[in-house]
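Here is the structure we will look at.
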Amino acid sequence: MTAVALQMEPGPTLVDDRVIQALAAPPMYHQSADFADALDETCALLKQLYGTTDEVVVLPTSGRGAVESALASVDPIDRPLIVPTNGTFGRMMATVGQSLGMQVVELKHDSGARFALSDIKAELERHDRPILGIVHNETSTGMVNDLAEYVDLVHRRDGLMLVDAVSSLGGTAIDFDDLGVDLCASAAQKSVGAPPGVAFVAVSERALGEIGGRTRPPVGYYLDLLRWWDQWVPREKGGKLKSGYRRLPWTMPTNLVVALRRALELTAEEGVKERWERHRRSGAGLRAAMATLGMHPVAPSGTESNTVGAFRLPGVASPTLRRRLAQRHRVYIAGGLDGDASTVIRIAHMAESARPGPLLHTIAAIAYELNDLGIQAAADPTQEFLKVWHAE
Ligand code: PLP
């Protein structure tokens, strides 16, 4: 690992050296046949990660760009967008919808609270063609929201289900086809294990039908997904390309795509399910270690994320601990995001940070600093991590 500091914030996360090495090549001409091959391979690997045979579009943007692209592409004007929120990124999705002229209904929950299923279902019943937007892994609270409960009802209302899987894809089980999700946005820099700068949207046949059937001009130009089908997808694969001359709708950051392909190849070698399991064990081990220091997850029991841990601190301010970790250990973790920046810490266990090496280093540094501040561990936290890592 080439990291000079231990970057344990929840994305951009630690990246395998082989991915970094893949960056060091001359940029490619984005409309060349060689780059088309690289992008096709990347998309095929992304489909495996999403668990889909539908199209996955790669975009030169970040996670929120992918969320915006998904919403902008389905004729958003006056369309109901129902967003249950229990953290920063749910609220961000609601804001994106508002900025696109959607009729946004935000179902507000406390930060880190479970969604009230019956309220969401009742709200869905009130709308025609609603889009239900759910953040799968709320990175601000380290909490996973259920997806499976709503899909049938959304489809019965002739609606679409949009999932923000920005921090879960690659580190948490998600099966796009099996779940019946319609639009799923994610990005390279978190559990996928690649550098930031590219993001993706998986698009179901149902969503594509709506995007292709739009009767109004698109809202925005740059992130309109239809241009992918108009210019990039060959006719035999459902696109509109007549001449067979594929042209990407934008200049792609070709080095980032090549690095992403390398990260996805490494994921395929590891095995997607094995990778989910590694993330799950990392999260469980970290929680066991933090418990010895009196730190408990913000997420309710049973909803804890496999890719990011958010913990309440025992009587120490988060900026104090973070400053000590940075200055004395070069270990970088994040503070709380959801109005609790000073009482919560967030630690990534995504991609290369979901391994005993970086996690044990982080746990040991936290235990050392808390001890210095007068908080003693009830048991050796590194041993507790290892017990879980090896047992589960
Ligand atoms: N959604 C979730 C769940 C996130 O964790 C993030 C970033 O942390 C975003 C959306 C926004 O992604 P980006 O910062 O790449 O635009």
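Per 0.36 nm of contour for each residue apart, how much would the distance between ALA116 and ALA173 grow if the chain were fully extended, relative to their Cα-Cα spacing?
Values: separation 57, 0.36 × 57 = 20.52 nm, distance 2.25 nm.
Residue separation times 0.36 nm, minus the Cα-Cα distance, leaves 18.3 nm.
With labels modelled as points extended 7 Å from the Cα through the Cβ direction, what inter-label distance (nm, one decimal) is found for ILE77 paired with ASP34?
It works out to 4.5 nm between the two label points.
What does the charge count near TYR29 come to, summing +1 for each Lys or Arg and -1 for each Asp or Glu among other residues with Cβ under 14 Å from its Cβ?
Result for the local shell: 0.
Give me the one-decimal Kirkwood hydrodynamic radius in Å for the stretch 142-257, with the sum taken over alpha-carbon pairs. Can you show the working numbers first?
Values: mean 1/r = 0.0625 Å⁻¹.
For the stretch 142-257, inverting the mean 1/r across all distinct Cα pairs yields 16.0 Å.
Taking θ as phi - 60°, what are the ³J(HN,Hα) couplings along the stretch 370-380 by the Karplus curve (6.51, -1.76, 1.60), each to the nearest whole Hz, with x for Gly and Pro?
With coefficients 6.51, -1.76 and 1.60, one gets 5, 4, 4, 8, x, 10, 9, 6, 6, 8, 5 Hz.
What does the extension gain come out to for GLU205 and HIS361, with contour length at 0.36 nm per residue minus their alpha carbon separation? Kindly include the intermediate steps, with their values, before the conclusion.
On the way: separation 156, 0.36 × 156 = 56.16 nm, distance 4.54 nm.
Stretched out fully, the GLU205 to HIS361 stretch lengthens by 51.6 nm.
Determine, for each peptide in 151-161, 85-95, 264-274, the mean count of other beta carbons within 10 angstrom over its residues, then list the peptides with the highest first. Display every interim value, and only then the final one.
On the way: 151-161: 18.4, 85-95: 21.6, 264-274: 14.9.
Result, highest mean first: 85-95, 151-161, 264-274.
Provide the net charge surrounding ALA263, with neighbours chosen by a C-beta distance below 13 Å and charges set as Lys +1, Arg +1, Asp -1, Glu -1.
On the way: positive: ARG18, LYS190, ARG261, ARG262, ARG275; negative: ASP16, ASP17, GLU41, GLU265, GLU269, GLU270, GLU352.
Neighbour charge sum, excluding ALA263 itself: -2.
Under the rule of at least 5 residues apart or a separate chain, name every residue whose amide H is placed under 5 Å from the amide H of GLN103.
Distant-sequence amide H within range of GLN103: ASP78, ARG79, LEU81.
Run the accessible area of the stretch 256-392 with a 1.4 Å probe and give the carbon-and-sulfur part as a rounded percent.
On the way: 2700 of 5440 Å².
The value for the stretch 256-392 is 50 percent carbon and sulfur by accessible area.
Per residue, what accessible area does the stretch 314-392 have, given a 1.4 Å probe and all protein chains present, in Å²? All intermediate terms of the calculation are to be shown ahead of the outcome.
Numbers: 3530 Å² over 79 residues.
Accessible surface, normalised per residue, equals 45 Å².
Kindly identify the stretch 293-392 as rounded, prolate or oblate by the Cα gyration tensor criterion: order the square roots of the eigenvalues as a ≥ b ≥ c, call it rounded if a/c is under 1.5, otherwise compare a/b with b/c, prolate if a/b is larger, else oblate. Could the numbers behind the result be given before it?
Values: a/c = 1.36, a/b = 1.14, b/c = 1.20.
Note, shape of the stretch 293-392 comes out rounded.
Taking 7 Å along the Cα-to-C-beta vector as the label spot, tell me the GLU9-HIS390 distance in nanometres, rounded to one decimal.
Calculated label separation equals 3.5 nm.
If the cut-off is a Cα-Cα distance under 30 Å, which lysines reach LYS121, setting aside same-chain residues fewer than 8 apart in sequence?
Counting by Cα, and skipping residues close in sequence, LYS121 has these lysines nearby: LYS47, LYS108.
Using a Förster distance of 51 angstrom, determine the FRET efficiency expected from the C-beta separation of ASN371 and ARG235, and round it to 0.05.
Values: r = 65 Å, r/R0 = 1.28.
The formula returns an efficiency of 0.20 here.
Please give the contour-minus-distance gain from ARG246 to ASP17: 0.36 nm per residue of separation, less the Cα-Cα distance, rounded to one decimal in nm.
Once the chain is fully extended between ARG246 and ASP17, it gains 79.2 nm.
Which residue, LEU248, LEU39, LEU223, has the most motion in a Gaussian network model of the chain that connects Cα atoms within less than 10 Å?
Among LEU248, LEU39, LEU223, the largest mean-square fluctuation in the Gaussian network model of the chain belongs to LEU248.
What nm value, rounded to one decimal, do you get for the distance between LEU153 and GLU125 when each label is placed 7 Å out toward the C-beta?
About 0.8 nm, to one decimal.
Picking from ARG355, ARG216, ARG247, which is most flexible by a Gaussian network model of the chain using Cα springs under 10 Å?
Judging by the Gaussian network model, the answer is ARG216.
From the gyration tensor of the Cα coordinates in the chain, what semi-axes in whole Å does the equivalent ellipsoid have, largest first, with each one equal to sqrt(5λ)? Please report the intermediate quantities before stating the final value.
On the way: eigenvalues 262, 133, 55 Å².
Semi-axes (√(5λ), whole Å): 36, 26, 17.
How large is ³J(HN,Hα), in whole Hz, for each residue of the stretch 212-228 in order, when computed from phi with the Karplus curve 6.51 cos²θ - 1.76 cosθ + 1.60 and θ = phi - 60°, using x for Gly and Pro?
Couplings: x, x, 4, 10, 9, x, x, 8, x, 10, 4, 9, 6, 4, 4, 5, 5 Hz.
For GLN103 and THR53, what does the FRET efficiency come to when R0 = 25 Å and r is the distance between their Cβ atoms, rounded to the nearest 0.05? If you can, show how the numbers build up before the last one.
Numbers: r = 32 Å, r/R0 = 1.30.
Efficiency for this residue pair is about 0.15.
Which ³J(HN,Hα) values, rounded to whole Hz and listed in residue order, are derived for the stretch 47-53 from phi using the Karplus coefficients 6.51, -1.76 and 1.60 in 6.51 cos²θ - 1.76 cosθ + 1.60 with θ = phi - 60°, glycine and proline given as x?
Rounded to whole hertz, the list is 4, 4, 5, 6, x, 9, 9.
Determine the calculated [θ] at 222 nm for the chain from helices alone, applying -39500 (n - 2.57) to every DSSP H run no shorter than 4 residues and normalising by the residue count; nearest 500 deg cm²/dmol. Mind showing how you got there, number by number?
Values: 14 runs with 152 residues, N = 392.
So the calculated ellipticity at 222 nm is -11500 deg cm²/dmol.
For PHE311, what charge total do you get from the other residues with a beta carbon under 13 Å from its beta carbon, if Lys and Arg give +1 and Asp and Glu give -1? Provide the component values of the computation, followed by the final result.
Details: positive: ARG287, ARG312, ARG322, ARG346; negative: GLU304, ASP340.
Residues near PHE311 contribute +2 overall.
The values are calculated or read from the model by the stated rules, or taken from the named source; none is laboratory data. Bear in mind that the values here come from a model prediction, so they are computed numbers and not experimental data. For neighbour counting, all protein chains shown are included, and Cβ atoms are generated from backbone atoms with ideal geometry for every residue, glycine included. When the accessible area is computed, the model is the full protein with side chains, heavy atoms only, and any ligands, DNA or RNA have been set aside. Shrake-Rupley method; radii C 1.70, N 1.55, O 1.52, S 1.80 Å.
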